[in-house]
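Scroll down for the structure; my scribbles are underneath it.
The values are calculated or read from the model by the stated rules, or taken from the named source; none is laboratory data. This structure is a prediction, so every number in the text was calculated from the model and none was measured. Every residue, glycine as well, gets a Cβ built from its backbone with ideal geometry; the counts of neighbours run over all protein chains shown.
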Amino acid sequence: MDFLTLISDSLGQLIAPTTAAYALAAIGLNIHFGMTGLFNMGQAGFMLLGAYGFGITQSMGWNMFASLCMSLLLALVYALLLGIPTLKLGPDYLAMVTLAAAEIVRIVARSTSLTWLTGGSGGISPQYFTEQFEDASPLPEGRTQILWWTYSNNVADSWWIRIVGWTLVAIVALLAWRWFKSPWGRVLKGIREDENAVRSLGKSVTRFKLQSLFLGGACGALSGILFVLPRSVQPDSLGRQVTFYIWTILLMGGAATILGPILGSCLLWVSLTFIKELMRTAIPDTLISSSQIESLGWVIMGVALMCLVIFRPQGLLGDRRELAFHD
């Protein structure tokens, strides 16, 4: 592989649907953590419910808008079931509960007793839930090249899903910016910094936390749909490692910022792709295997994240003053 191809493949991650999906999920986590101070370690659970809500209803022949509503409804129910008994817990316990809840969702989804509904561990194939989405595309059939990148217009990993994905990211980021600047957002920031002070002013802290949990979870549900559209709905592809990736993205970009989750997602996937492809090009197969390169790429990114947390804990775009609630 020549260096120009290496660069183009790496920069292609800037517009990839996966990058957009993780950016959207990180915006949702930013509402939870950056705005409200909720240590949610189960964002993958919201993503999985959104993906299954969309995939199952589409395979049943539902209208696409109805499928989107079902995904958001599942996110709402999950937020209520998760939030009502747990939002009074401390941050450490909340992290453990949300992580366990997301694992319960994944294990239930891959259960053999629900194979008739969820497809079990094999999941739901894309041909059962992507047809309406592809038919909604205004783009002509065929393939299109823009700059260095050539993709199908409508099928699978297409320009259409890129357009929809990044438009959705832009809309949600704009809404998050308005929420952050609104009186409602200032209440959430007050809860993040000192919820007892907010409670003393007569505000229902639990109600505001539930609203935050649902809105961030709704972003997660939408990101789950976007994540599975180029692939299948497979429960193990949205396991606990996905939540850790989302946290990495948020910490890299900066919590409590608008563009931080988007920058973090782009930076993570572009850097990771570049490192892996560079190692495959520069290191002989006799010295290190492809699977070892996959693991080593994550090791390098982990070390980079450790250095970032040590020397710039607020992230690339974050404000150190926003970390005051950790003290």
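Filter segment 57-80 down to the residues that are part of a helix (DSSP H, G or I) and not aliphatic (A, V, I, L, M), then identify the one that is farthest from the chain's Cα centre (by Cα).
First, the residues of segment 57-80 that are part of a helix (DSSP H, G or I): 57-59, 64-80.
Of the ones still in play, those that are also not aliphatic (A, V, I, L, M) are 57-59, 65, 67, 69, 71, 78.
Working: 57: 21, 58: 21, 59: 23, 65: 21, 67: 19, 69: 19, 71: 15, 78: 17 Å.
My answer is 59.
Given the conditions (1) surrounded by fewer than 22 Cβ atoms within 10 Å (Cβ to Cβ); (2) assigned to a helix (DSSP H, G or I); (3) more than 16 Å from the chain's Cα centre (by Cα), and given that residue 14 satisfies all but one, which numbered condition is not satisfied?
So residue 14 meets the others, but not (3).
Given the conditions (1) surrounded by fewer than 16 Cβ atoms within 10 Å (Cβ to Cβ); (2) part of a loop (DSSP other than H, G, I, E, B); (3) modelled with pLDDT under 90, which single one is not true for residue 145?
(2) is the only condition that residue 145 fails.
What's the number of the only condition in (1) under 21 Å from residue 226 (Cα atoms); (2) β-branched (Val, Ile, Thr); (3) loosely packed, with under 15 Cβ neighbours inside 10 Å that residue 118 fails to meet?
Among (1) under 21 Å from residue 226 (Cα atoms); (2) β-branched (Val, Ile, Thr); (3) loosely packed, with under 15 Cβ neighbours inside 10 Å, the lone unmet condition for residue 118 is (3).
In segment 57-77, is there at least one residue being closer than 23 Å to residue 42 by Cα and out of contact with any helix residue (DSSP H, G or I) (no Cβ under 8 Å at 6 or more places or on another chain)?
Narrowing segment 57-77 to residues closer than 23 Å to residue 42 by Cα: 67-77.
The next check asks that each one be out of contact with any helix residue (DSSP H, G or I) (no Cβ under 8 Å at 6 or more places or on another chain); those that pass are 69, 77.
Yes: one or more hits.
Within segment 33-56, which residues are part of a helix (DSSP H, G or I) and out of contact with any Lys or Arg (no Cβ under 9 Å at 6 or more places or on another chain)? Walk me through how you get there before you give the answer.
So in segment 33-56, the residues part of a helix (DSSP H, G or I) come out as 33-35, 43-56.
Within segment 33-56, 43, 46, 47, 49, 50, 51, 52, 53, 54, 55, 56 meet the criteria.
Given the structure, is residue 97 within 25 Å of residue 128 (Cβ to Cβ), in a helix (DSSP H, G or I) and more than 15 Å from the chain's Cα centre (by Cα)?
On the way: within 25 Å of residue 128 (Cβ to Cβ): no; in a helix (DSSP H, G or I): yes; more than 15 Å from the chain's Cα centre (by Cα): yes.
No, not satisfied.
Pairs please, first residue from segment 188-214 and closer than 20 Å to residue 46 by Cβ and in contact (Cβ under 8 Å) with a residue 24 or more places away in the chain, second anywhere and of a type in the set (S, T, N, Q) and in a helix (DSSP H, G or I), Cβ atoms under 6 Å, 6+ apart in sequence or on different chains.
Here the result reads 188/212, each pair linking segment 188-214 to a residue that is of a type in the set (S, T, N, Q) and in a helix (DSSP H, G or I).
Out of segment 152-211, which residues are part of a helix (DSSP H, G or I), aliphatic (A, V, I, L, M) and over 26 Å from residue 19 (Cβ atoms)?
Of all residues in segment 152-211, those part of a helix (DSSP H, G or I) come to 159-181, 183-200, 205-211.
Subsequent filtering for residues that are aliphatic (A, V, I, L, M) retains 161, 163-164, 168-176, 187-188, 191, 197-198, 205, 210.
Across segment 152-211, the qualifying residues are 187, 188, 191, 197, 198, 205, 210.
Can you confirm whether residue 182 is at pLDDT 90 or above and either over 22 Å from residue 226 (Cβ atoms) or loosely packed, with under 14 Cβ neighbours inside 10 Å (or both)? Lay out the reasoning, then the answer.
Working: at pLDDT 90 or above: yes; either over 22 Å from residue 226 (Cβ atoms) or loosely packed, with under 14 Cβ neighbours inside 10 Å (or both): yes.
In short, yes.
For segment 35-65, enumerate the residues that are surrounded by 14 or more Cβ atoms within 10 Å (Cβ to Cβ), of a type outside the set (Val, Ile, Thr) and more than 24 Å from residue 260 (Cα to Cα). Let's see the steps before the verdict.
As a first pass, look at segment 35-65 and keep what is surrounded by 14 or more Cβ atoms within 10 Å (Cβ to Cβ): 35-59, 62, 64.
Right, trim to of a type outside the set (Val, Ile, Thr) and you get 35, 37-55, 58-59, 62, 64.
49, 51, 52, 53, 54, 55, 58, 59, 62, 64, listed by residue number.
How do the pairs read when you match residues in segment 156-169 that are touching a residue at least 12 places away in the same chain (Cβ under 8 Å) with residues anywhere that are buried (at least 16 other Cβ atoms within 10 Å of the Cβ) and of a type in the set (Val, Ile, Thr), using Cβ under 7 Å and keeping only pairs 6 or more apart or on different chains?
Note: pairs meeting the criteria are 162/15; 166/15; 169/262.
Does residue 269 satisfy being closer than 30 Å to residue 52 by Cα and either in a loop (DSSP other than H, G, I, E, B) or at pLDDT 90 or above (or both)? Lay out the reasoning, then the answer.
Numbers: closer than 30 Å to residue 52 by Cα: yes; either in a loop (DSSP other than H, G, I, E, B) or at pLDDT 90 or above (or both): yes.
Spelling it out, residue 269 is indeed closer than 30 Å to residue 52 by Cα and either in a loop (DSSP other than H, G, I, E, B) or at pLDDT 90 or above (or both).
Which number in (1) surrounded by fewer than 17 Cβ atoms within 10 Å (Cβ to Cβ); (2) part of a helix (DSSP H, G or I) marks the one condition that residue 285 misses?
(2)
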